[in-house]
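The values are calculated or read from the model by the stated rules, or taken from the named source; none is laboratory data. Bear in mind the structure is a predicted one, so any value in this text is a computation, not a measurement. Using ideal geometry, Cβ is built from the backbone for each residue, glycine included, and neighbour counts are taken over all protein chains shown.
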């Protein structure tokens, strides 16, 4: 979800630099379920600084044996559609200064982040707090290129395979939009704190993704905004449960889905592999 969680809300529509791809061995699981049902779970990142050479015999075999591609968004490169949804959901009545939405002890950190990014306290008067948080996170992160995103690369690689959206752009942003204002402000506070510490979650997760290091990714998803129980439930756990039900339904219909979602959704006891295990499937790391 995310530059961790944040990437689901605001990705950068930049042009790929055309650099030679970096080697990558991202994590892949195979799920074998009762009734000879089968699925694969492949961790992605939504944007990368450089292209990645992510394909190999194991991943290619899984894609070839699948009959359905399941992704968060079916058209991640559609910047116009993204902008339209963003404009529709993020605007609200005059909400005043961004600093007024933070507790006094966090305002010094916000001032530091605004100075670093060139943003201003008055820039978000008509912007919902959750959207302001995503905008600050994007401005604070090292420049990543959604043109190098692995979601898009998997869709291209599996061209011709039926594709199903697990959420869709509007539903993803609606998760943020439906957060109570208190949780939106908690989200903003977590983003500001990470940015003030010069902590770049997106870059850290991208580096761990290339190595297939799910232990490091699990550490990242236990920090920051996802350390807040309410935010974790809305942005991580509840989404994973919905996806698990859709994956099971696809298998019940006779499909063998290749599920390509943000790699952070595949870790821990609330991750999709663990949920499939709890549903009676044997789930093993294939790469």
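Quick check on residue 170: is it in contact with a helix residue (DSSP H, G or I) (Cβ under 7 Å, 6 or more places away or on another chain), closer than 18 Å to residue 262 by Cα, modelled with pLDDT of 95 or more and surrounded by fewer than 21 Cβ atoms within 10 Å (Cβ to Cβ)?
For residue 170, the condition - in contact with a helix residue (DSSP H, G or I) (Cβ under 7 Å, 6 or more places away or on another chain), closer than 18 Å to residue 262 by Cα, modelled with pLDDT of 95 or more and surrounded by fewer than 21 Cβ atoms within 10 Å (Cβ to Cβ) - is not met.
Show the residue pairs meeting these rules: Cβ distance below 6 Å; 6+ apart or different chains; first residue within segment 32-54 and more than 20 Å from residue 143 (Cα to Cα); second residue assigned to a loop (DSSP other than H, G, I, E, B).
What qualifies is 33/281; 34/280; 38/256; 43/26; 43/27; 54/24; 54/26.
Might you let me know whether segment 19-39 holds any residue that is buried (at least 19 other Cβ atoms within 10 Å of the Cβ), at pLDDT below 95 and either assigned to a strand (DSSP E or B) or at positive phi (or both)?
No: zero hits.
Checking the condition in contact (Cβ under 8 Å) with a residue 60 or more places away in the chain and over 24 Å from residue 24 (Cβ atoms), which residue from 195, 203 passes?
Criteria check complete, one pass: 195.
Given 57, 126, 121, 105, which one is under 30 Å from residue 37 (Cα atoms) and either modelled with pLDDT of 95 or more or surrounded by fewer than 15 Cβ atoms within 10 Å (Cβ to Cβ) (or both)?
The conditions single out 57.
Just to be sure before I move on: is residue 252 loosely packed, with under 15 Cβ neighbours inside 10 Å and either touching a residue at least 12 places away in the same chain (Cβ under 8 Å) or at positive phi (or both) in the structure I sent?
yes
Can you name the helices (runs of 4 or more DSSP H) wholly within segment 133-219 that have at least 1 residues being under 23 Å from residue 287 (Cα atoms)?
Because the criterion is at least 1 residues that are under 23 Å from residue 287 (Cα atoms), the helices (runs of 4 or more DSSP H) in segment 133-219 that meet it are 150-157, 201-211.
Among the residues of segment 149-163, is there at least one that is farther than 18 Å from residue 79 by Cβ, surrounded by fewer than 18 Cβ atoms within 10 Å (Cβ to Cβ), over 15 Å from the mean Cα position of the chain (by Cα) and without any contact (Cβ under 8 Å) to a residue 12 or more places away in the chain?
Yes, some residue in segment 149-163 is farther than 18 Å from residue 79 by Cβ, surrounded by fewer than 18 Cβ atoms within 10 Å (Cβ to Cβ), over 15 Å from the mean Cα position of the chain (by Cα) and without any contact (Cβ under 8 Å) to a residue 12 or more places away in the chain.
Within segment 257-280, is even one residue surrounded by fewer than 17 Cβ atoms within 10 Å (Cβ to Cβ), part of a helix (DSSP H, G or I) and in contact with a helix residue (DSSP H, G or I) (Cβ under 6 Å, 6 or more places away or on another chain)?
No; the residues of segment 257-280 include none that is surrounded by fewer than 17 Cβ atoms within 10 Å (Cβ to Cβ), part of a helix (DSSP H, G or I) and in contact with a helix residue (DSSP H, G or I) (Cβ under 6 Å, 6 or more places away or on another chain).
Taking residue 138 as meeting all but one of (1) closer than 25 Å to residue 170 by Cβ; (2) touching a strand residue (DSSP E or B) at 6+ places or on another chain (Cβ under 6 Å), write down the number of the exception.
(2)
Going by the structure shown, is residue 66 more than 29 Å from residue 253 (Cα to Cα) and surrounded by 14 or more Cβ atoms within 10 Å (Cβ to Cβ)?
no
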